[in-house]
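> Next up is a structure, given as structure tokens.
The values are calculated or read from the model by the stated rules, or taken from the named source; none is laboratory data. These numbers were taken from a predicted model, which means no experiment stands behind them. Counting neighbours? That spans all protein chains shown, and the Cβs are built from the backbone with ideal geometry, glycine included.
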């Protein structure tokens, strides 16, 4: 019976998508492929932001609603560093390090004292995100900032059928894939990663086996925040940085993590792919209803698999 | 309700049954209800309960609220009084959901915004290409129906997961609606939204004038307050609090937790929708900014600031919020209002999770301990009535 339903829902969802792909390819193959590539690029960026979010949530049970602010903070500080040193790579490193340090400060200075109080932690992150957004607006003003990446990644690459495509977006996709693999290696092959995974499963047991969980928590929070800051510089180079981007990437992380399953990095990759593609196809084929596609994906996942694609029931 | 109160009510009803049973004509107080075929014994406890809850403080507060426009300037009546009442009503829906249902929804402003947008679209506005120009009562009715349906849908989506996930799902829904309203020009008129959405002229009043609008908002705020105060003691409210405290046990007792939660979303949706209609009339316009992230969070701030233990909390929070919003310019730079409100919110979350009501009961307890009970009562009146 379950097999029947699997096939049934597979057909219900699969047939219209297949029909759409065939129609889109026949109608305008270039538009379809460009949209797909754009969707993949966006998915890569969303994965970078959301992986940190889901990592922190999985281990600390802290819904960090200031994650978007960390993205923006990393982007601004990266920009200042890049402007001062004329080095884009230094900007990327600066974004990662500054956001990681700030995250560490938050975990050690604020969240450590509210361990286990999910709701209070979440509300504290809301308060922090308001304060951070306003302080950043104060310092950097309302104007739009653009990075100055090195020349070798600014141009465009010629691809079959698609034609010219910005090189930087391809690099972004590759970077994200590398980060994903490194993250997987870190979580599955190193000692600290093993501790983090053990903490996701059972915090009390990890603590009982002689591990200082506070250190593990601090490391995890720093990595999660650092990834957000890294994504800030990398994403800010592809698009731009301006006030309001924090909300955009917070929404993206929320939806990606809800769809992919909370606490699962692989789930975040799945969710990012679905949402990135849905958003770009929405923008290309139904411009004023773009966000609806994202929402429909989220609704469908919640309706049929409330814990997310790769999530586990708590 | 405490056991002592319950016993009192039961005793009194038993006495009343005896007392009214021997009479041929019911006393004047009960005349209004003697027409119904129900035996008076079933209804008396309710009346007694209601009467028992009315204290001197209630009457003073009510009088202060009613007389407020006579002493206040139009600015204080409209910008402070009416806005606080309308915002308080929206925050009340969150207090009901979060305080009594345990579901912290950030989408209450979205529900209010949907009602506001519906009023703008169905009634008249500055954008005549989209607005349908229906009579105001039909438009308001449609707005309430649509908003309640949307709230039920949001509830259905978010109760599928539990606890902390609710806040994420409702925030995602709220922000998604903001982007939809901003992107879409066919229905929501995009970035500009709708201007000149005003209440009708009725009974010789223009309802957007400060004093009539104040009384309109006051009426609905009181209605919402008493509705929630009643509901949390009604069987549904008690069951909802049971679901909040232990869903599995309630389920074992034969209640349906999911149905109770979704029903709570629908009820909260109705309250938020009324507040939303008031807000759109207050502002005279609705734009995507009215349902943006900052406003989603402002409603949470108002509810947390006031305290979620009692339905009066959101109104207290709204008064403080509106006062801060209007007079922050005297304290800090006008541009830095968000910083101020963020710091205030963070301070409340860190140091007083029960908000102003928490401080209040703390103060009360301290005063009681030192033996100065009369002092507590004297300072009670201006605080809850301001």
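> Consider residue B:172 carefully, then state whether it is crowded, with 19+ Cβ neighbours inside 10 Å, modelled with pLDDT of 90 or more and under 22 Å from residue B:101 (Cβ atoms).
Numbers: crowded, with 19+ Cβ neighbours inside 10 Å: yes; modelled with pLDDT of 90 or more: no; under 22 Å from residue B:101 (Cβ atoms): yes.
It is false that residue B:172 is crowded, with 19+ Cβ neighbours inside 10 Å, modelled with pLDDT of 90 or more and under 22 Å from residue B:101 (Cβ atoms).
> Which of the residues that make up the range B:168-183 are within 8 Å of chain A (Cβ to nearest Cβ) and within 13 Å of residue A:254 (Cα to Cα)?
Let us first name the residues in the range B:168-183 that are within 8 Å of chain A (Cβ to nearest Cβ), namely B:168-169, B:171-173, B:175-176, B:179-180, B:183.
Listed by number, the residues that qualify are B:168, B:169, B:171, B:172, B:173, B:175, B:176.
> Assess whether residue A:172 counts as being at pLDDT 85 or above, away from chain B (no Cβ under 14 Å) and more than 29 Å from residue A:215 (Cα to Cα). Explain how you work it out, then say what you get.
Working: at pLDDT 85 or above: yes; away from chain B (no Cβ under 14 Å): yes; more than 29 Å from residue A:215 (Cα to Cα): yes.
Spelling it out, residue A:172 is indeed at pLDDT 85 or above, away from chain B (no Cβ under 14 Å) and more than 29 Å from residue A:215 (Cα to Cα).
> From A:94, A:103, grab the single residue that is more than 23 Å from residue A:254 (Cβ to Cβ), part of a helix (DSSP H, G or I), at pLDDT 85 or above and more than 14 Å from chain B (Cβ to nearest Cβ).
Numbers: A:103 fails: more than 23 Å from residue A:254 (Cβ to Cβ).
That would be A:94, the only listed residue that is more than 23 Å from residue A:254 (Cβ to Cβ), part of a helix (DSSP H, G or I), at pLDDT 85 or above and more than 14 Å from chain B (Cβ to nearest Cβ).
> Identify the residue in the range A:106-120 that is under 22 Å from the mean Cα position of the chain (by Cα) and at pLDDT 85 or above and, among all such residues, is nearest to the other protein chains (Cβ to nearest Cβ). Steps first, answer last, please.
Here is the first cut: in the range A:106-120, the ones under 22 Å from the mean Cα position of the chain (by Cα) are A:106-107, A:111, A:118.
Imposing the further condition that a residue be at pLDDT 85 or above reduces the set to A:106-107.
Numbers: A:106: 12, A:107: 15 Å.
The selected residue is A:106.
> So, one more: Which residue, of B:272, B:268, is more than 14 Å from chain A (Cβ to nearest Cβ), at pLDDT 90 or above and within 22 Å of residue B:353 (Cβ to Cβ)?
On the way: B:272 fails: within 22 Å of residue B:353 (Cβ to Cβ).
On inspection, the qualifying residue turns out to be B:268.
> Mind checking which helices (runs of 4 or more DSSP H) fall wholly inside the range B:9-122 and carry at least 3 residues that are modelled with pLDDT under 85 and either surrounded by 15 or more Cβ atoms within 10 Å (Cβ to Cβ) or in contact with a strand residue (DSSP E or B) (Cβ under 8 Å, 6 or more places away or on another chain) (or both)?
Numbers: elements: B:31-34, B:40-53, B:56-71, B:83-95, B:108-122.
Qualifying helices (runs of 4 or more DSSP H): B:40-53, B:56-71.
> Only one of (1) more than 25 Å from residue A:294 (Cα to Cα); (2) within 14 Å of another protein chain (Cβ to nearest Cβ); (3) touching a strand residue (DSSP E or B) at 6+ places or on another chain (Cβ under 8 Å) is not met by residue A:60, so which one is it?
With respect to (1) more than 25 Å from residue A:294 (Cα to Cα); (2) within 14 Å of another protein chain (Cβ to nearest Cβ); (3) touching a strand residue (DSSP E or B) at 6+ places or on another chain (Cβ under 8 Å), residue A:60 is out only on (3).
> If I ask for residues that are closer than 22 Å to residue A:54 by Cβ and at the interface with chain A (Cβ under 9 Å from one of its Cβ atoms), which ones from the range B:153-167 would you list?
B:157, B:158, B:160, B:161, B:162, B:163, B:164, B:165, B:167
> Sort through A:117, A:107 and tell me the only one that's within 25 Å of residue A:259 (Cα to Cα), surrounded by fewer than 24 Cβ atoms within 10 Å (Cβ to Cβ) and out of contact with any strand residue (DSSP E or B) (no Cβ under 6 Å at 6 or more places or on another chain). Write out each step before concluding.
Values: A:107 fails: within 25 Å of residue A:259 (Cα to Cα).
Residue meeting the stated conditions: A:117.
> In addition: Just a yes or no: is a residue in the range B:276-293 away from chain A (no Cβ under 14 Å) and either surrounded by fewer than 18 Cβ atoms within 10 Å (Cβ to Cβ) or over 30 Å from residue B:195 (Cβ atoms) (or both)?
Here is the first cut: in the range B:276-293, the residues away from chain A (no Cβ under 14 Å) are B:276-287, B:290.
With either surrounded by fewer than 18 Cβ atoms within 10 Å (Cβ to Cβ) or over 30 Å from residue B:195 (Cβ atoms) (or both) added as a condition, the list becomes B:283-284.
Yes - at least one qualifying residue is present in the range B:276-293.
> Checking residue B:190 against (1) within 14 Å of chain A (Cβ to nearest Cβ); (2) modelled with pLDDT of 85 or more; (3) more than 24 Å from residue A:304 (Cβ to Cβ), which test does it fail?
It fails just one condition, (2).
> If you don't mind, another one. Check A:199, A:229, A:224, A:236 and return the single one that is in contact with a strand residue (DSSP E or B) (Cβ under 9 Å, 6 or more places away or on another chain) and in contact (Cβ under 8 Å) with a residue 60 or more places away in the chain. Show your work before the answer.
Values: A:199 fails: in contact with a strand residue (DSSP E or B) (Cβ under 9 Å, 6 or more places away or on another chain); A:229 fails: in contact with a strand residue (DSSP E or B) (Cβ under 9 Å, 6 or more places away or on another chain); A:224 fails: in contact with a strand residue (DSSP E or B) (Cβ under 9 Å, 6 or more places away or on another chain).
One residue alone meets the criteria, A:236.
> Identify, from the list A:288, A:299, A:294, the residue that is modelled with pLDDT of 80 or more, at the interface with chain B (Cβ under 9 Å from one of its Cβ atoms) and surrounded by fewer than 22 Cβ atoms within 10 Å (Cβ to Cβ). Give the steps one after another, and end with the answer.
Numbers: A:288 fails: modelled with pLDDT of 80 or more; A:294 fails: surrounded by fewer than 22 Cβ atoms within 10 Å (Cβ to Cβ).
Just a single option satisfies the conditions, and that option is A:299.
> Just to be sure, is residue A:282 at the interface with another protein chain (Cβ under 10 Å from one of its Cβ atoms), buried (at least 22 other Cβ atoms within 10 Å of the Cβ) and part of a loop (DSSP other than H, G, I, E, B)? Explain how you work it out, then say what you get.
Details: at the interface with another protein chain (Cβ under 10 Å from one of its Cβ atoms): yes; buried (at least 22 other Cβ atoms within 10 Å of the Cβ): yes; part of a loop (DSSP other than H, G, I, E, B): no.
In short, no.
> Next question. Give B:327, B:315, B:345 a once-over and let me know the one that is surrounded by 18 or more Cβ atoms within 10 Å (Cβ to Cβ), away from chain A (no Cβ under 14 Å) and part of a helix (DSSP H, G or I). Explain how you work it out, then say what you get.
Numbers: B:327 fails: surrounded by 18 or more Cβ atoms within 10 Å (Cβ to Cβ); B:345 fails: away from chain A (no Cβ under 14 Å).
Only one candidate passes the filter, namely B:315.
> Still on this model: Consider residue A:69 carefully, then state whether it is buried (at least 21 other Cβ atoms within 10 Å of the Cβ), within 29 Å of residue B:295 (Cα to Cα) and within 14 Å of chain B (Cβ to nearest Cβ). Walk me through how you get there before you give the answer.
Details: buried (at least 21 other Cβ atoms within 10 Å of the Cβ): yes; within 29 Å of residue B:295 (Cα to Cα): yes; within 14 Å of chain B (Cβ to nearest Cβ): yes.
Taking the combined requirement at face value, the residue satisfies it.
> Can you tell me which condition residue B:195 does not meet? The list is (1) out of contact with any helix residue (DSSP H, G or I) (no Cβ under 8 Å at 6 or more places or on another chain); (2) more than 14 Å from chain A (Cβ to nearest Cβ); (3) without any contact (Cβ under 8 Å) to a residue 12 or more places away in the chain, and all the others hold.
The one condition residue B:195 does not meet is (3).
> Can you find a residue in the range A:251-273 that is within 14 Å of chain B (Cβ to nearest Cβ), on the phi > 0 side of the Ramachandran plot and free of Cβ contacts under 8 Å to residues at least 40 places away in the same chain?
no
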